[in-house]
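Undergrad: Pasting a structure below so you can have a look.
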Amino acid sequence: MTLAADWVTISALATAAGTLVLALATFASVRSANRAARVAERSLLVGLRPLLVPSRLDDPPQKVAFVEGSYLVVQGGAAVAEADDEAVRLAAALRNVGAGIAVLHGWHFYPERVTTSDHITPEEFTRLSRDIFIAPGEIGFWQGAFRDPSTPAFAEARAAVDGHGDWTAEVLYGDAEGGQRMISRYAMMPREGGGWLAQAGRHWYLDRDDPR
């Protein structure tokens with residue numbers, strides 16, 4: 001009886017050991033599969049991620065139309081603005097150096113050069129009144145306008161434009177799937193003869209950790 005009982009015990013222990021080994025192998029396999037899935041997901045996202053910077057100085061000019069029928073012509077690597085009693089119109093030439101289509105969502109204007117390391121929340125951005133897409137490797141533009149002369153924002157924007165001073169724009173955009181939102185900040189510096197030179201300042205990821 002003792003010998004039989006020992007064999008039963010040994011058999012049970014062997015079965016338990018085998019089950020444990022199988023469980024560990026399954027756990028390791030699942031972890032490996034999860035890592036592979038995360039790597040594949042990141043690779044897919046990289047292929048969809050846009051990144052907008054000012055276009056090159058030798059890029060062709062672009063005609064930017066506004067809803068009231070007026071338009072601005074913005075040169076490569078530059079920004080342009082005009083102000084009158086009814087509206088302040090702004091535009092900047094951009095290039096998508098990322099791998100995915102950029103879809104512009106909104107913008108925010110500062111009537112001076114901004115160098116802070118933080119940004120406003122996505123809810124504070126002014127939503128664009130039309131869809132603007134910029135394909136990978138292609139040029140495009142951002143545009144914005146103030147149309148209510150009774151607001152302080154209109155007065156600040158007009159003073160910056162009429163005085164041909166520094167101003168800053170932050171643009172909220174994402175990929176064609178509605179994700180990977182980013183905020184890019186552009187400093188507009190006055191140029192001799194009119195217009196502004198556009199320079200990229202900071203870029204922030206909203207849906208993942210920043211690379212810095």
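Undergrad: Condition test on Arg185, is it modelled with pLDDT of 95 or more, over 23 Å from Pro61 (Cβ atoms) and among the basic types (Lys, Arg)? Step through it out loud before you land on a result.
TA: Numbers: modelled with pLDDT of 95 or more: yes; over 23 Å from Pro61 (Cβ atoms): yes; among the basic types (Lys, Arg): yes.
It is true that Arg185 is modelled with pLDDT of 95 or more, over 23 Å from Pro61 (Cβ atoms) and among the basic types (Lys, Arg).
Undergrad: Right, another one. State the number of residues belonging to the range 132-189 that are of a type in the set (Asp, Glu) and closer than 21 Å to Val114 by Cα.
TA: Of the residues in the range 132-189, the ones of a type in the set (Asp, Glu) are 138, 148, 156, 162, 166, 170, 175, 177.
Narrowing further to those that are closer than 21 Å to Val114 by Cα: 156, 162, 166, 170.
Residues that pass the stated criteria total 4.
Undergrad: Residues of the range 122-139 being of a type outside the set (D, E, K, R) and either loosely packed, with under 10 Cβ neighbours inside 10 Å or touching a residue at least 60 places away in the same chain (Cβ under 8 Å) (or both), which ones? Let's see the steps before the verdict.
TA: Taking the range 122-139 as the starting set, the residues that turn out to be of a type outside the set (D, E, K, R) are 122, 125-126, 128-129, 132-137, 139.
Answer for the range 122-139, where residues must be of a type outside the set (D, E, K, R) and either loosely packed, with under 10 Cβ neighbours inside 10 Å or touching a residue at least 60 places away in the same chain (Cβ under 8 Å) (or both): Pro122, Ser129, Ile134, Pro136, Ile139.
Undergrad: Suppose we filter Val171, Val114 for residues that are crowded, with 17+ Cβ neighbours inside 10 Å, β-branched (Val, Ile, Thr) and within 25 Å of Gly69 (Cα to Cα); which single one remains? Working first, answer last.
TA: Numbers: Val114 fails: within 25 Å of Gly69 (Cα to Cα).
Answer to the check: Val171.
Undergrad: Moving to a separate point now. Could you pull out the residue among Glu177, Glu192, Glu123, Glu156 that is under 13 Å from the mean Cα position of the chain (by Cα) and outside any strand (DSSP E or B)? Full working, then the answer.
TA: Numbers: Glu192 fails: under 13 Å from the mean Cα position of the chain (by Cα); Glu123 fails: under 13 Å from the mean Cα position of the chain (by Cα); Glu156 fails: under 13 Å from the mean Cα position of the chain (by Cα).
Only one candidate passes the filter, namely Glu177.
Undergrad: Related question: Scanning for something touching a His at 6+ places or on another chain (Cβ under 7 Å), at negative phi and of a type outside the set (A, V, I, L, M, F, W, C), does the range 117-126 turn up at least one residue?
TA: In the first step, residues of the range 117-126 are kept if they are touching a His at 6+ places or on another chain (Cβ under 7 Å); the result is 120, 124-126.
Filter again for at negative phi, leaving 120, 124-126.
Of the ones still in play, those that are also of a type outside the set (A, V, I, L, M, F, W, C) are 124, 126.
Within the range 117-126, one or more residues are touching a His at 6+ places or on another chain (Cβ under 7 Å), at negative phi and of a type outside the set (A, V, I, L, M, F, W, C).
Undergrad: Let me ask something else about it. I'd like the residue in the range 180-189 that is under 23 Å from Gln75 (Cβ atoms) and under 11 Å from the mean Cα position of the chain (by Cα) and, out of all such residues, is surrounded by the fewest Cβ atoms within 10 Å (Cβ to Cβ). Lay out the reasoning, then the answer.
TA: First, pick out the residues of the range 180-189 that are under 23 Å from Gln75 (Cβ atoms): 184-189.
After this cut, where a residue has to be under 11 Å from the mean Cα position of the chain (by Cα) as well, the list is 184-185.
Values: Ser184: 23, Arg185: 20.
Among those that are under 23 Å from Gln75 (Cβ atoms) and under 11 Å from the mean Cα position of the chain (by Cα), it is Arg185.
The values are calculated or read from the model by the stated rules, or taken from the named source; none is laboratory data. Every value quoted in this text rests on a predicted model; they were computed, and no experiment measured them. Using ideal geometry, Cβ is built from the backbone for each residue, glycine included, and neighbour counts are taken over all protein chains shown.
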